[in-house]
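The values are calculated or read from the model by the stated rules, or taken from the named source; none is laboratory data. The model shown is predicted, which means the values in this text are computed figures rather than measured ones. All Cβ positions, even for glycine, are placed from backbone atoms using ideal geometry, and neighbour counts span all protein chains on display. In case anyone asks, the SASA skips ligands and DNA or RNA and just uses the protein heavy atoms, side chains included. Shrake-Rupley method; radii C 1.70, N 1.55, O 1.52, S 1.80 Å.
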Amino acid sequence: MHARGQDLVVEDLEIDEPRAGEVAVRIVATGVCHSDLNGLRGSRELRVPMVLGHEGAGVVEKIGAGVTAAKVGDHVILSAIGRCGHCAACIEGRTWMCSTWGASMFSGTLIDGTTRLRLRGAPVYHWFAQSSFAERVVVPEGSVVPVRKDVPLEKVALLACGVSTGLGAVFNAAGVRLGESVVVIGCGGVGVAAIVGASLAYANPIVAVDIADDKLDFARSLGATHAVNAAREDTVARVREITGGGPAHTFECVGNPKTLEQLVEIVPGGGSGYIVGAAPPGTRFSFPTDGFIRNKHLHGVMQGNVRASVDIPRYVDLYARGLLPLDRMVTRDYPLAEVNDALAGLEHGVGRGVLVFG
Ligand SMILES: [Zn+2]
Ligand SMILES: [Zn+2]
């Protein structure tokens with residue numbers, strides 16, 4: 001990315017060797033996520049030139065001094081949010097809130113404040129301390145999650161961010177229990193993953209809400225028991241009807257003021273709403289205070305509150321057992337040369353796209 005809003009350019013960069021605590025990885029596949037598109041088209045000031053991409057999966061080629069998270073030859077998923085291991089959040093086990101990562105994600109550098117990429121000698125900046133829209137990356141070991149070698153990396157790459165966010169929202173943030181009612185607003189990559197999670201948790205009913213019929217059909221095929229088209233139906237009334245007064249758990253997976261307001265309206269007294277979608281910085285929404293005194297809860301969710309090194313290997317095992325339908329959730333493969341098409345593809349069609357390196 002040379003400038004926000006312009007197409008990405010594919011070109012040859014120089015990459016440094018991994019320093020102490022860092023890992024060099026040959027990328028096999030990387031998810032293409034809405035956050036990448038937001039980086040390219042959104043309002044956030046970013047340092048350029050920058051290499052986007054934060055859902056990488058690949059094979060470890062080299063490790064820096066002192067690295068214990070992985071060894072050469074390991075298959076790894078590069079978690080969008082890593083762990084430093086020594087901040088308060090990491091020590092308390094809330095690695096998704098790692099303050100070191102929080103400070104690095106959009107800083108343009110790795111966690112030590114420097115970059116490993118150069119273009120004709122000038123620095124090129126990192127995204128999520130990762131930059132996986134590239135054949136090779138150097139990343140801090142805190143983002144590296146080794147996984148079993150018998151699963152195709154192009155299928156499990158989405159566990160680096162999008163799919164884990166949806167699953168984690170259900171299991172970690174909400175702790176959905178058997179038979180509880182679930183509503184998911186927005187059936188893009190994250191929303192569909194939340195529906196799959198709700199299905200794995202034997203939630204019932206599982207109501208998908210979207211304005212696109214193809215996304216609703218896709219959600220049904222992956223476990224939603226009901227679909228509500230918010231463009232045509234009175235969503236709140238319909239959801240109350242299906243869930244017998246209001247759902248136990250409602251997940252907002254879009255990140256815009258309208259769906260956030262809808263979230264608050266849907267959540268009944270005693271129920272919980274989860275803000276999973278990443279709204280652009282500075283987004284505001286307003287809502288009536290009705291119901292909060294009757295124990296209506298609203299929760300912000302960061303990356304599904306996923307503890308990457310614990311949860312991602314568990315999700316990979318579920319995939320290997322045939323319980324997590326990643327094969328159907330990944331709907332398109334692109335070569336790196338078509339990265340701009342892959343980003344554009346986020347705005348239409350169902351499922352998720354992945355860049356696959358030859
Ligand atoms: Zn930390
Ligand atoms: Zn993402």
Next item on the list: For L46, state whether it is part of a loop (DSSP other than H, G, I, E, B), open to solvent by less than 10 Å² (accessible area, probe 1.4 Å) and either in contact with a Gly (Cβ under 8 Å, 6 or more places away or on another chain) or more than 16 Å from ligand 2 (Cβ to nearest atom) (or both).
Entry: no
Note to self: Which residue is farthest from ligand 2 (Cβ to nearest atom), if the candidates are limited to the stretch 49-66 and must be farther than 30 Å from P280 by Cα and open to solvent by less than 20 Å² (accessible area, probe 1.4 Å)?
What the structure shows: G64
Note to self: Can you find a residue that is touching a strand residue (DSSP E or B) at 6+ places or on another chain (Cβ under 8 Å), open to solvent by less than 60 Å² (accessible area, probe 1.4 Å), part of a loop (DSSP other than H, G, I, E, B) and modelled with pLDDT of 95 or more anywhere in the stretch 277-292?
What the structure shows: no
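Tell me, please, whether a residue that is within 16 Å of ligand 1 (Cβ to nearest atom) and on the phi > 0 side of the Ramachandran plot can be found in the stretch 47-57.
no
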Check: For the stretch 239-250, does any single residue satisfy the condition of being in contact (Cβ under 8 Å) with a residue 12 or more places away in the chain, of a type in the set (A, V, I, L, M) and open to solvent by 10 Å² or more (accessible area, probe 1.4 Å)?
Finding: yes
Next item on the list: Please go through the stretch 162-187 and pick out each residue that is farther than 18 Å from T259 by Cα and part of a loop (DSSP other than H, G, I, E, B).
Entry: G175, V176, R177, L178, G179, E180, S181
Check: If you take the residues in the stretch 293-331 that are surrounded by fewer than 16 Cβ atoms within 10 Å (Cβ to Cβ) and charged (D, E, K, R), which one is modelled with the lowest pLDDT?
Finding: R294
Checklist line | Candidate set: the stretch 141-169, residues that are within 16 Å of ligand 1 (Cβ to nearest atom) and within 15 Å of G58 (Cβ to Cβ); chosen: the one surrounded by the most Cβ atoms within 10 Å (Cβ to Cβ) | finding: S143
Next item on the list: Would you mind telling me which numbered condition in (1) open to solvent by 10 Å² or more (accessible area, probe 1.4 Å); (2) more than 16 Å from ligand 1 (Cβ to nearest atom); (3) in a loop (DSSP other than H, G, I, E, B) R118 fails?
Entry: (3)
Check: Of the residues P123, P146, which is in a strand (DSSP E or B), farther than 16 Å from E22 by Cβ and in contact with a strand residue (DSSP E or B) (Cβ under 9 Å, 6 or more places away or on another chain)?
Finding: P123
Notebook entry, point to check: Which one of these is more than 21 Å from the chain's Cα centre (by Cα), under 26 Å from P335 (Cβ atoms) and in a loop (DSSP other than H, G, I, E, B): A3, A65, A69?
Noted result: A3
